[in-house]
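Notes to accompany the following structure.
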Amino acid sequence: MSDQQFDVIVIGAGPAGYVAAIRAAQLGLKTACVDDFTGKDGKQALGGTCLNVGCIPSKALLDSSRQFWNISHNFPVHGISVEGAKVDLGTFIGRKDKIVKQFTGGIGQLFKANKVTAFYGKGKLLKGNQVEVTGKDGSKQTLSATNVILASGSVPIELPFAKFDGKAIVDNAGALDFTEVPKRLGVIGAGVIGLELGSVWKRMGADVTVLEALPDFLGAADADVAKIALKEFTKQGLAIKLGAKVSKAEVKKDGVHLTYSDKDGEQQLVVDKLLVAVGRRAYTDGLLAADTGVKLDERGRIVVDEHNHTGVDGVWAIGDAVRGPMLAHKGSEEGVAVAEWIAGKAGHINLDTVPWVIYTEPEIAWAGKTEKQLKDEGVPYKIGTFPFAAIGRAVAMNEAIGQVKMLAHAETDRILGVHMVGPGVSELIAECVVAMEFKGSSEDLARIVHAHPTLSEAVHEAALSVDKRAIHKGN
Ligand code: FAD
Ligand code: AMP
């Protein structure tokens, strides 16, 4: 096999693509991965959106900002007072950059260890499973493979009246790199990204206003969870305006002048920085030659079947570029499954049990169906709930907010959905995903020993509550 001939070429080294490449190489396939992301140091940075400007840096800033917020909002409850606490923003952002560098560099090392060949440049699928790679200097080379996996990810949606300028109007990448805390921060879109990054800057001292066009808060989440979360975020001082559709954003000397309409008519708001977080779109610009036969759907996503196959011989697609939730772990699991299918093994991906997590304070996490979905589908169900207010560990932590809500089939007791808002629920959801993947019932979780005192007791008690036998609350 020549240097330019591979068993598998992956285009995109985000959590979908790099995982697919590593798994393919583990299975003995000669693998290349082409990616064009440039890091803050001007060099190739593997890991895609997630590692560079998404999951990892946002969690780094969420954690730092939480430490700062705790000093004024949580320490006093414990009898601890700290006078004159300050944040050095250079260190705050620098810590995040160091973490990003550590993880993007780590992918390079994993590629070396697994003998994945990395190419730095823009990959374009040509007919006949060839991939043209255009380097940053404009040089071109053509690679070929038996199988090509498209993992080109997604990019932020830009509003035509609020174009990103990287200074006053920013996307997620810009909001991870402010050089000073904005006095007034406007956020368009109360989705996961808007809420997480809005929380970061609120905790750092900004006045944050979130404008959301839809009348309901977090429509994708269970309504009870969304209600509790909205109440808590509002208590923290996040001004969340629902039914507020932004139509204009003008950058002037004194800030960004926003025009939006709500039930009372047209409103104005002036902010120093504006984060536009109205969703992301599959990114396929320049990815496909005209004659490849790979199709895009009405939302610009690469069309695939349930095995992530595009219908073109040897061409697969995974991650944010295809249907399904735009989440890193969903893309990674698709990557593993496709590599295994290519190697003739039994790959597996179940989109019905992909967990969702929002890393706000309190955290939000869910898997499976919401109560509304079950009602709409006419599925008979039972509900079990348990509040963190009755969990000793949560009270000891001074974080006794929120609840676990479990939905089980009324006849079979099979767990259909679990919805949580509260401390540590990003970790607690894993137990429920395991139970659901094993087609478990609420009775199964109710009969399993959970350590005391832990937050996981809320899951146990919610499972008991499905059958009206929770111990530490009235049923
Ligand atoms: P991407 O990560 O977007 O990677 C695609 C890569 O392909 C990029 O490096 C891109 O430059 C490269 N590329 C594209 N086209 C080409 C081409 N033609 N040639 C060469 N290279 C190309 N998800 C979670 O699960 N948990 C979180 O906590 C979370 N937090 C987030 C926070 C923020 C602020 C954002 C923006 C997103 C977050 N996400 C989170 C979503 C997550 O980042 C995405 O779901 C995930 O990155 C998608 O992975 P991917 O591999 O499909 O694509
Ligand atoms: P998500 O797709 O989860 O990132 O959420 C993006 C949110 O932005 C959605 O809830 C949209 O309703 C909201 N949105 C989109 N356009 C506008 C707009 N012009 N004004 C206010 N909110 C918007």
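Per this entry, V246 is not counted among residues that are more than 27 Å from the chain's Cα centre (by Cα), among the hydrophobic types (A, V, I, L, M, F, W, C) and surrounded by 15 or more Cβ atoms within 10 Å (Cβ to Cβ).
What are the residue pairs meeting all of these: first residue in the stretch 232-254, first residue over 23 Å from E158 (Cβ atoms), second residue assigned to a loop (DSSP other than H, G, I, E, B) and more than 16 Å from ligand 1 (Cβ to nearest atom), Cβ atoms under 8 Å, and 6 or more apart or on different chains? So the pair list comes out as E232/I401; E232/G402. The residues listed here are I107, I149, I188; of these, the one that is β-branched (V, I, T) and within 16 Å of ligand 2 (Cβ to nearest atom) is I188. Here is the figure for the stretch 207-221: residues that are more than 9 Å from ligand 2 (Cβ to nearest atom) and touching a residue at least 60 places away in the same chain (Cβ under 8 Å) total 2.
Listed by first and then second residue, the pairs with beta-carbon distance under 6 Å, at least 6 apart or on different chains, first residue in the stretch 348-374 and touching a residue at least 12 places away in the same chain (Cβ under 8 Å), second in a loop (DSSP other than H, G, I, E, B) and β-branched (V, I, T), are P362/I401.
Working carefully through the options V34, V53, V87, find the one that is within 30 Å of N398 (Cβ to Cβ) and in the same structural domain as F119 (by the TED database). Only one candidate passes the filter, namely V87. Checked against the criteria, G174 counts as more than 13 Å from ligand 2 (Cβ to nearest atom) and in contact (Cβ under 8 Å) with a residue 60 or more places away in the chain. Looking at K127, K167, K140, K122, which one is among the basic types (K, R) and surrounded by 16 or more Cβ atoms within 10 Å (Cβ to Cβ)? Result: K122 is the single residue among K127, K167, K140, K122 that is among the basic types (K, R) and surrounded by 16 or more Cβ atoms within 10 Å (Cβ to Cβ). Within the stretch 16-51, which residues are of a type in the set (S, T, Y) and either near ligand 1 (Cβ under 8 Å from one of its atoms) or under 18 Å from N129 (Cβ atoms) (or both)? Those that are of a type in the set (S, T, Y) and either near ligand 1 (Cβ under 8 Å from one of its atoms) or under 18 Å from N129 (Cβ atoms) (or both): Y18, T31, T49. Going residue by residue through the stretch 418-433, is there one that turns out to be assigned to a loop (DSSP other than H, G, I, E, B), surrounded by 20 or more Cβ atoms within 10 Å (Cβ to Cβ) and touching a Leu at 6+ places or on another chain (Cβ under 7 Å)? Among the residues of the stretch 418-433, at least one is assigned to a loop (DSSP other than H, G, I, E, B), surrounded by 20 or more Cβ atoms within 10 Å (Cβ to Cβ) and touching a Leu at 6+ places or on another chain (Cβ under 7 Å), which makes the answer yes. Determine which member of the set V181, V225 is buried (at least 17 other Cβ atoms within 10 Å of the Cβ), part of a loop (DSSP other than H, G, I, E, B) and more than 9 Å from ligand 2 (Cβ to nearest atom). Just one listed residue meets the conditions, V181. With a requirement of 1 or more residues that are out of contact with any helix residue (DSSP H, G or I) (no Cβ under 6 Å at 6 or more places or on another chain) and either more than 30 Å from I11 (Cα to Cα) or acidic (D, E) (or both), the strands (runs of 3 or more DSSP E) lying completely within the stretch 299-416 that satisfy it span 363-368, 381-387, 403-409. Inclusion of G243 among residues that are more than 16 Å from ligand 1 (Cβ to nearest atom) and of a type in the set (G, A, S) is warranted. Do the conditions hold for A229, that is, is it at pLDDT 95 or above, under 21 Å from C55 (Cα atoms) and more than 15 Å from ligand 1 (Cβ to nearest atom)? Yes; evaluated as a whole, the condition is true for this residue. Selection of the stretch 251-298 for residues being among the basic types (K, R) and under 30 Å from I9 (Cβ atoms) yields R280, R281, K295. Residue pairs whose Cβ atoms lie under 6 Å apart, separated by 6 or more positions or on different chains, with the first residue in the stretch 281-295 and of a type in the set (G, A, S) and the second away from ligand 2 (no atom under 16 Å from the Cβ) and part of a loop (DSSP other than H, G, I, E, B), are G293/V312.
The values are calculated or read from the model by the stated rules, or taken from the named source; none is laboratory data. No experiment lies behind these values; they were computed from the predicted model shown. Please note: Cβ atoms are built from the backbone with ideal geometry, for glycine as well, and neighbour counts cover all protein chains shown.
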